[in-house]
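The values are calculated or read from the model by the stated rules, or taken from the named source; none is laboratory data. The structure presented is a predicted model; accordingly, all values stated were derived computationally and were not measured. Neighbour counts run over all protein chains shown; Cβ positions are idealised from the backbone, glycine included. Surface accessibility is based on the protein's heavy atoms, side chains included, excluding ligands, DNA and RNA. Shrake-Rupley method; radii C 1.70, N 1.55, O 1.52, S 1.80 Å.
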Amino acid sequence: MINFIVHNENITGELECLMKDNMELLREAQKGDACFADNLGWLDTEEWANESIIGRLEEIAAQIREKADVFVLIGVGGSNNAARAVIEALKQEGPPEIVYAGNTLSPNLLNKVSEKLKGKSVYIDCIAKNFETLEPGLSFRILRKFMYQAYGAQASERIITTGTKGSLLERLSKDNGYTYLDFPADIGGRYTAVSSVGLLPMAVAGMNIRKLVKGAHDMQNYVRTQEATENPAFRYACIRNLYYRSGYKIEMLSGFEPQFRFFYKWWIQLFAESEGKNNKGMFPAASEFSEDLHSVGQFIQEGSPILFETFLKVLKPQDSLSIEPDFLPDDFGYLDNKDVRNINEIAYQATVEAHGKRLPCQTIELDALDEYHFGQLFYFFQFACYLSCRLLEVNPFDQPGVEAYKKRMFAALGKNNKQD
């Protein structure tokens, strides 16, 4: 189970008081606040990741894996971040290659996607809760045309859609014979990791989605039953709130495993979109160490004291690489016979010690980097974000500010003046 470590012991008393004062808030969240009932489909993994759903996803994924050279995931934000986080961290050799679309308006990148598909056996999955979102809608048009040109009437057998019941995307799917999956109506995009939205692409990429769901389910049982003092998600939410009250405006999620690169994007969206409203919330940022220690490390050590840092740490070694003695006098002889894994661990310890003298630091430890622990991470952060928003007194599940640019963009494109 995830272990949450606070490195700044001087705040323990304040943290305990804050948790004690908000025990009832925790209990309400563990039961599921009635006022958010329409957005809590993720709270119980059995609702959208039960045996029936998993079995169907595995069946569809097996068919795609057997026939596809390339699988295109069309989606933006919550529709692709979770799947991409796991797929890119736990990549497997061999087909199908996973290609991402629907997350850009760059003609350069869209042309490159099209080039990758030529001469390949292709399947696509368009994921969109709100099918009015421009990026996936535009990519789906382009790629749908490619599919019909390449496969004719058989194109429909290679097109999967994931949308909400009653949506235009569902209607298009039924009218044209596409394989249709439910995008849960009671889950916002950024909370959909453990549903068809995230699980089908993961399964197509060869991930063991049963293990991931099991990890999420185990974390669910833990954080929804543990009392305040033993609850890591509640402790994390409360300490974030404590730092926020103390004037810290940025949380930086850091780690020494580059495999977390796309998980950071998922985490950033989760907290930015959930907390950033009513002129409240901390700005979520991420750094990939040790590379970023040679850039943002300078700001952390001597810049404006506006951030605190949360480290992600994997306990079980993934690989081993011993440094052999070298015949050249390169002044790195002190590395002889040392393992790179141990060097990475020493770098982590030194960073926590150095940064901890300057700013608040904490670590979230997980035993291994695999599907099971990704499931734990997804649920841990979703539940912690839910709690953190409740402490801030903001709605964890809406995102009204996202619409501001869309209104201007759609007006400039003449959306309201033309039929779709």
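Please note which helices (runs of 4 or more DSSP H) are completely contained in segment 122-210 and include at least 2 residues that are touching a Leu at 6+ places or on another chain (Cβ under 7 Å).
Of the helices (runs of 4 or more DSSP H) lying wholly inside segment 122-210, those with at least 2 residues that are touching a Leu at 6+ places or on another chain (Cβ under 7 Å) span 134-151, 196-204.
Consider segment 366-404. How many of its residues are closer than 26 Å to Ile209 by Cβ and open to solvent by 10 Å² or more (accessible area, probe 1.4 Å)?
8
Would you tally the residues in segment 77-101 being outside any loop (DSSP other than H, G, I, E, B), buried (at least 17 other Cβ atoms within 10 Å of the Cβ) and not hydroxyl-bearing (Ser, Thr, Tyr)?
14
Among the listed residues Thr351, Thr363, which satisfies the condition of being touching a Phe, Trp or Tyr at 6+ places or on another chain (Cβ under 8 Å), surrounded by fewer than 22 Cβ atoms within 10 Å (Cβ to Cβ) and within 30 Å of Ser195 (Cα to Cα)?
Criteria check complete, one pass: Thr363.
Return the pairs, sorted by first residue and then second, in which the second residue is loosely packed, with under 10 Cβ neighbours inside 10 Å, the first residue lies in segment 314-339 and is among the hydrophobic types (A, V, I, L, M, F, W, C), the beta carbons are less than 8 Å apart, and the residues are 6+ apart or on different chains.
Ile323/Asn337
Examine segment 102-115 for a residue that is in contact with an Asp or Glu (Cβ under 9 Å, 6 or more places away or on another chain), aliphatic (A, V, I, L, M) and either without any contact (Cβ under 8 Å) to a residue 40 or more places away in the chain or open to solvent by 20 Å² or more (accessible area, probe 1.4 Å) (or both), and state whether such a residue exists.
Checking segment 102-115: at least one residue is in contact with an Asp or Glu (Cβ under 9 Å, 6 or more places away or on another chain), aliphatic (A, V, I, L, M) and either without any contact (Cβ under 8 Å) to a residue 40 or more places away in the chain or open to solvent by 20 Å² or more (accessible area, probe 1.4 Å) (or both).
Looking only at segment 60-69, count how many residues are among the hydrophobic types (A, V, I, L, M, F, W, C) and surrounded by fewer than 16 Cβ atoms within 10 Å (Cβ to Cβ).
1
Among the residues that make up segment 97-117, is at least one of them among the acidic types (Asp, Glu) and closer than 28 Å to Glu257 by Cβ?
Within segment 97-117, one or more residues are among the acidic types (Asp, Glu) and closer than 28 Å to Glu257 by Cβ.
Give the residues of segment 240-258 that are in contact with a Leu (Cβ under 6 Å, 6 or more places away or on another chain) and closer than 29 Å to Asn80 by Cα, sorted by residue number.
Hits for segment 240-258 are Asn241, Ile250, Met252, Gly255.
Does Lys280 satisfy the condition of being open to solvent by 50 Å² or more (accessible area, probe 1.4 Å), of a type in the set (Lys, Arg), modelled with pLDDT of 95 or more and under 20 Å from the mean Cα position of the chain (by Cα)?
No: the conditions fail for Lys280.
Could you grab me the full set of residues in segment 244-275 that are among the charged types (D, E, K, R), farther than 15 Å from Phe374 by Cβ and either surrounded by fewer than 18 Cβ atoms within 10 Å (Cβ to Cβ) or modelled with pLDDT under 95 (or both)?
Arg245, Lys249
Do the conditions hold for Ala153, that is, is it open to solvent by 50 Å² or more (accessible area, probe 1.4 Å) and closer than 21 Å to Gly78 by Cβ?
Judged against the criteria, Ala153 is not a match.
For (1) surrounded by fewer than 19 Cβ atoms within 10 Å (Cβ to Cβ); (2) touching a residue at least 24 places away in the same chain (Cβ under 8 Å); (3) of a type in the set (S, T, N, Q), each residue gets a yes or a no:
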{"position": "Ala185", "(1), (2), (3)": "yes, yes, no"}
{"position": "Gly189", "(1), (2), (3)": "no, yes, no"}
{"position": "Thr192", "(1), (2), (3)": "no, yes, yes"}
{"position": "Asn208", "(1), (2), (3)": "yes, yes, yes"}
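In the set Arg235, Arg158, which member is of a type in the set (D, E, K, R) and more than 26 Å from Glu9 (Cα to Cα)?
Arg158
Out of everything in segment 304-319 that is out of contact with any helix residue (DSSP H, G or I) (no Cβ under 7 Å at 6 or more places or on another chain) and closer than 21 Å to Gly281 by Cβ, what residue ends up being most open to solvent (accessible area, probe 1.4 Å)?
Once the filter is applied, the top-ranked residue is Pro305.
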